[in-house]
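Working notes, structure below.
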Amino acid sequence: MTTETITADAAGTWRTGDLTVNRIGLGAMRLTGSAAFHLGTPSDRTRSIAVLRRAVELGVNHIDTAAFYFSALRSANELINSALSPYPDELLIAAKVGPYRDYRGEWGAAARPDQLRGHVEENLRQLGRDHLDLVYLRRMRQDSVAEHFGALAELREEGLIRHLGLSDVQPRHLAEARAIAPVVSVQNRFGLGLSTPAADELLRLCGEQGIAFVPFYAIAGERGERGAAEDRDEAVAAVAAAHGVTPTQIRTAWTLHQGPHVLAIPGTGDPDHLVQNVAAGAIRLTGQELARLDALHAGAA
């Protein structure tokens with residue numbers, strides 16, 4: 001499968017609030033270095049900026065980031081600002097708030113509702129914007145999201161935030177938030193062979209309610225923030241060989257096949273991997289291939 005000229009629109013589009021995005025986007029966390037959140041080798045700044053600019057050239061118009069995406073010497077938001085500002089009108093930049101890291105990189109306690117304004121403003125400063133297109137409340141084990149989500153809803157009313165989303169939640173949290181303000185997107189951990197009953201239910205609910213479902217770590221499996229491991233699953237490898245692509249591309253394609261409301265945000269700091277990730281949006285799995293992969297997914301649940 002030729003990847004050089006495949007662009008993000010090959011995956012189709014989804015309307016997130018009043019913004020239409022291509023279903024293949026970019027997660028910004030891996031732009032900062034080898035150890036993601038931690039103090040590993042910083043990324044090459046020039047290369048990371050080149051990845052961002054190439055992503056936009058390839059039609060990526062949905063970038064997922066956060067102020068707490070930083071490693072030694074590198075900040076995802078600063079890289080995005082340097083690479084892409086002034087921003088294209090069609091570009092949706094989504095940020096997350098809730099978790100907190102101090103200037104040394106150490107994780108602090110989850111933000112209180114009254115601290116969320118400061119977290120939103122931090123993202124605004126770093127990105128050089130006067131509003132954020134989409135802000136996710138990342139739930140930090142709270143039983144209720146009402147107070148935190150309500151604080152973000154107030155910032156939406158003030159114009160600092162355009163749209164609201166939820167991350168790492170259960171179906172009851174979605175219902176709770178929707179009673180306060182519109183929810184346009186949900187981020188939960190989900191991928192081929194990696195799911196939970198809550199994520200499966202949210203996938204269904206979001207489809208029924210016209211809400212985007214955005215899996216994170218969809219191609220990383222159990223490795224999570226450490227990145228995608230070599231895929232040794234025979235079913236995935238066989239489907240990949242049939243299409244002449246990588247197993248990672250098949251995992252992304254399977255994710256997109258879960259519904260028109262599913263958006264992929266594979267992260268990378270490698271220009272070649274970026275091209276492969278975008279090209280995965282053009283892969284069309286057959287019914288037989290989907291059945292084989294679905295069986296793998298069900299067996300791992």
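The values are calculated or read from the model by the stated rules, or taken from the named source; none is laboratory data. Note that this is a predicted model, so its numbers are computed, not measured. We place every Cβ from the backbone using ideal geometry, glycine too, and count neighbours over all the protein chains shown.
See the values below:
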quantity	calculated
Tally of residues being of a type outside the set (S, T, N, Q) and surrounded by 24 or more Cβ atoms within 10 Å (Cβ to Cβ) across segment 232-255	5
Lone unmet requirement of (1) more than 20 Å from Ser185 (Cβ to Cβ); (2) of a type in the set (A, V, I, L, M, F, W, C); (3) touching a residue at least 24 places away in the same chain (Cβ under 8 Å) for Ala109	(3)
Helices (runs of 4 or more DSSP H) enclosed by segment 138-230 - at least 2 residues per element that are at pLDDT below 95	197-209
Residue check for Gln142: closer than 30 Å to Ala50 by Cα and touching a residue at least 12 places away in the same chain (Cβ under 8 Å)	no
Residues (among the small types (Gly, Ala, Ser), out of contact with any Pro (no Cβ under 9 Å at 6 or more places or on another chain) and surrounded by fewer than 19 Cβ atoms within 10 Å (Cβ to Cβ)) located in segment 256-301	Gly259, Gly287, Ala291, Ala295, Ala298, Gly299, Ala300
Those residues of segment 121-142 which are within 22 Å of Leu19 (Cβ to Cβ), among the hydrophobic types (A, V, I, L, M, F, W, C) and surrounded by fewer than 20 Cβ atoms within 10 Å (Cβ to Cβ), in sequence order	Leu124
Cβ-Cβ under 6 Å pairs, at least 6 apart or on other chains, segment 1-26 side within 13 Å of Ser185 (Cα to Cα) and surrounded by 19 or more Cβ atoms within 10 Å (Cβ to Cβ), far side modelled with pLDDT of 95 or more and of a type in the set (Phe, Trp, Tyr)	Arg23/Trp14
Whichever residue in segment 155-195 is free of Cβ contacts under 8 Å to residues at least 60 places away in the same chain and of a type in the set (Val, Ile, Thr) and, among such residues, is nearest to Leu263 (Cα to Cα)	Val186
Residues that are touching a strand residue (DSSP E or B) at 6+ places or on another chain (Cβ under 9 Å), assigned to a helix (DSSP H, G or I) and either among the basic types (Lys, Arg) or modelled with pLDDT under 95 (or both), drawn from segment 106-137	none
Residue in segment 34-73 that is modelled with the highest pLDDT, counting only those that are outside any loop (DSSP other than H, G, I, E, B), touching a Lys or Arg at 6+ places or on another chain (Cβ under 9 Å) and surrounded by fewer than 19 Cβ atoms within 10 Å (Cβ to Cβ)	Arg45
